[in-house]
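Notes follow once the structure below has been shown.
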Amino acid sequence: MADKIEIKKISDILWEIPKTGSMRVPCRVYATEKMLAKMQEDRTLMQGKNVAFLPGIYKYSLVMPDGHEGYGFPIGGVAALDYENGGISPGGIGYDINCGVRVLRTKLQREDVEPKIKDLMNSIFKYCPAGLGGSNIRVEPKELDNILNKGAKWAVENSYGNEKDLKHSEEDGHMEEADAKEVSSAAKSRGRNQIATLGSGNHFLEVQYVDKIFDKEVAKTYGIKKEGQVLFMIHCGSRGLGHQVCSDYLRLMEHNFPEIVKTLPDRELIYAPAGSDVAKKYFKAMAAAANFAWCNRHVLGHQTRLAFKDVLGIGDNEIETLYDVAHNIAKVEEHKIDGEMKKVFMHRKGATRAFGPGRKEIPSTYREVGQPIIIPGTMGTSSYILAGTKEAMEQTFGSTAHGAGRVMSRHEAIRSFRGEDIVKELGKQGIFVKGASWQGIAEEASGAYKKIEDVIDVSDKAGIGRKVARLLPIGVVKG
């Protein structure tokens with residue numbers, strides 16, 4: 001049980017830890033009372049409070065409704081640090097750099113797919129390896145550097161997917177700041193055979209259908225035309241490469257800035273000061289890992305198209321990317337703060353960008369209604385498409401939740417659930433599950449997570465993500 005933290009209620013879904021001691025700003029938490037109680041059981045609130053000690057932080061340290069304990073920042077943590085007087089913290093990004101979600105929409109209906117779902121998922125499993133193994137697509141060292149520098153653009157240049165896929169990805173599927181030279185050989189060796197792999201943990205690929213449309217006009221803009229429409233969702237990241245980049249630079253920062261470590265309430269919050277050589281190198285390496293993740297999801301989208309073609313006979317042009325979002329990333333962004341535009345290192349860890357209408361970063365096709373927000377559920381539960389809002393820009397620097405959020409550790413989940421039982425139960429509900437291991441399925445049981453509906457309701461009620469559509473799975477490939 002974590003130490004009790006003073007927190008005041010602002011509304012039924014918004015709470016504030018007041019600024020005290022060396023905190024530079026308050027910490028704000030988006031949660032129901034029940035969610036808040038769970039956050040008080042571990043270090044979630046303490047970590048949110050500790051983030052408020054970082055230099056150059058603006059307005060608030062923020063915790064999203066799916067918040068739970070992480071490394072340094074809580075998962076669901078958001079912070080804007082001044083571009084000149086702040087810094088960049090790997091603990092505010094995470095080990096799986098640019099873990100994120102891509103959704104592709106089809107012209108098929110649920111009844112077109114359900115009779116062949118087992119064959120389809122077996123085909124997807126073949127094209128998109130899951131678990132700890134490697135890929136059928138291997139790249140030479142020079143090509144890997146091109147992937148790190150170009151991201152999903154490399155995929156299109158090599159006949160995976162198309163230009164429209166890029167236009168419907170956050171950052172067009174790549175960050176210009178990336179530099180493969182700042183990524184260690186150890187990180188590169190871990191990524192060389194990982195393109196087009198899902199990995200393990202909470203990563204998955206689901207075939208879903210639109211169960212309910214909440215906002216018909218916005219849904220139509222996103223290409224969601226009617227209930228029953230089939231989509232598929234890919235959730236994965238930068239694999240071992242991103243993990244190694246994070247580890248490498250955490251060690252470098254701790255070595256180079258021991259005096260900073262001494263000033264922090266938690267050494268896991270170590271950061272490189274803005275303008276320092278280490279900050280510049282880490283940002284370039286992080287951007288390269290993010291590019292690797294965008295390329296990975298892009299190629300997985302292409303591979304899934306091949307599976308659909310094999311089993312259902314539909315062509316590439318009948319499957320289009322709706323959007324691709326990052327969950328663990330730092331960006332250089334500009335936000336209006338106290339009436340002035342400020343340039344910041346925008347940290348989102350286990351949080352989705354939720355830019356409202358008009359932002360130039362949103363694809364032109366979606367700009368009038370706001371950015372698509374993709375929030376996956378857990379195996380067998382709902383997932384959601386939301387829209388970014390003006391309120392999110394004002395309250396959370398254009399950020400919202402990224403998923404359901406764990407309430408149970410993986411070890412506890414393995415003790416509590418059996419993978420075989422989960423697969424049988426979901427099968428009775430008409431959901432075909434194919435996993436790399438029984439243990440991996442047990443770790444990701446829906447009972448190990450918060451109810452996704454509760455997270456979505458908080459986002460919607462707070463105005464930091466407006467409900468557009470609810471999706472339900474009919475087939476799952478689990479890492």
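The table below gives the values:
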quantity	calculated
Flag for residue 10 being of a type in the set (A, V, I, L, M, F, W, C), at pLDDT 95 or above and surrounded by fewer than 18 Cβ atoms within 10 Å (Cβ to Cβ)	yes
Residues of segment 442-479 satisfying the condition of being of a type in the set (A, V, I, L, M, F, W, C), touching an Asp or Glu at 6+ places or on another chain (Cβ under 8 Å) and modelled with pLDDT under 85	448
Top-ranked residue of segment 143-160 - restricted to ones that are touching a helix residue (DSSP H, G or I) at 6+ places or on another chain (Cβ under 6 Å) and not in a helix (DSSP H, G or I), ranked as farthest from residue 238 (Cα to Cα)	160
Cβ pairs under 7 Å, 6+ apart, first in segment 408-421 and closer than 9 Å to residue 445 by Cα and touching a residue at least 40 places away in the same chain (Cβ under 8 Å), second of a type in the set (A, V, I, L, M) and surrounded by 13 or more Cβ atoms within 10 Å (Cβ to Cβ)	none
Residue selected from segment 60-100 under the condition charged (D, E, K, R) and within 20 Å of residue 28 (Cα to Cα), by the criterion modelled with the highest pLDDT	82
Filtered residues of segment 51-82 (kept if of a type outside the set (A, V, I, L, M) and under 20 Å from residue 13 (Cβ atoms))	59, 60, 61, 65, 66, 67, 68, 74, 76, 77
Residues located in segment 167-221, provided they are without any contact (Cβ under 8 Å) to a residue 40 or more places away in the chain and either among the β-branched types (Val, Ile, Thr) or crowded, with 19+ Cβ neighbours inside 10 Å (or both)	172
Odd one out for residue 379, checked against (1) touching a Pro at 6+ places or on another chain (Cβ under 9 Å); (2) under 26 Å from residue 216 (Cβ atoms); (3) not aromatic (Phe, Trp, Tyr)	(2)
Filtered residue count, segment 336-361, keeping only those that are over 26 Å from residue 472 (Cα atoms) and aliphatic (A, V, I, L, M)	4
Segment 67-93 - residue that is more than 20 Å from residue 394 (Cα to Cα) and among the charged types (D, E, K, R) and, of those, nearest to the chain's Cα centre (by Cα)	69
Among the residues listed as 48, 70, the single one being in a loop (DSSP other than H, G, I, E, B) and buried (at least 21 other Cβ atoms within 10 Å of the Cβ)	70
Subset of segment 169-209 that is touching a strand residue (DSSP E or B) at 6+ places or on another chain (Cβ under 6 Å) and among the small types (Gly, Ala, Ser) - its residue that is modelled with the lowest pLDDT	199
Elements of type helices (runs of 4 or more DSSP H) contained in segment 350-452, each with 1 or more residues being over 30 Å from residue 336 (Cα atoms) and in contact with a strand residue (DSSP E or B) (Cβ under 6 Å, 6 or more places away or on another chain)	419-428, 438-443
When residues of segment 244-266 are limited to those that are charged (D, E, K, R) and within 18 Å of residue 21 (Cα to Cα), the one surrounded by the fewest Cβ atoms within 10 Å (Cβ to Cβ)	262
Flag if residue 475 is in contact with a Leu (Cβ under 7 Å, 6 or more places away or on another chain) and either polar (S, T, N, Q) or more than 30 Å from residue 356 (Cα to Cα) (or both)	yes
Some residue of segment 23-33 being surrounded by fewer than 17 Cβ atoms within 10 Å (Cβ to Cβ) and either of a type in the set (A, V, I, L, M, F, W, C) or not in a loop (DSSP other than H, G, I, E, B) (or both)	yes
Top-ranked residue of segment 332-360 - restricted to ones that are surrounded by fewer than 21 Cβ atoms within 10 Å (Cβ to Cβ) and touching a residue at least 40 places away in the same chain (Cβ under 8 Å), ranked as nearest to residue 284 (Cα to Cα)	332
Residue 78 within 20 Å of residue 460 (Cβ to Cβ) and either in contact (Cβ under 8 Å) with a residue 40 or more places away in the chain or part of a loop (DSSP other than H, G, I, E, B) (or both)	yes
Test for residue 177: is it acidic (Asp, Glu), over 17 Å from the mean Cα position of the chain (by Cα) and part of a loop (DSSP other than H, G, I, E, B)	yes
Qualifying residue in segment 204-214 (condition: in contact with a Lys or Arg (Cβ under 9 Å, 6 or more places away or on another chain), of a type in the set (Phe, Trp, Tyr) and part of a strand (DSSP E or B))	yes
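The values are calculated or read from the model by the stated rules, or taken from the named source; none is laboratory data. This is a predicted model, so every value here is computed, not measured. Note that we place each Cβ from the backbone using ideal geometry, even for glycine, and neighbour counts take in every protein chain shown.
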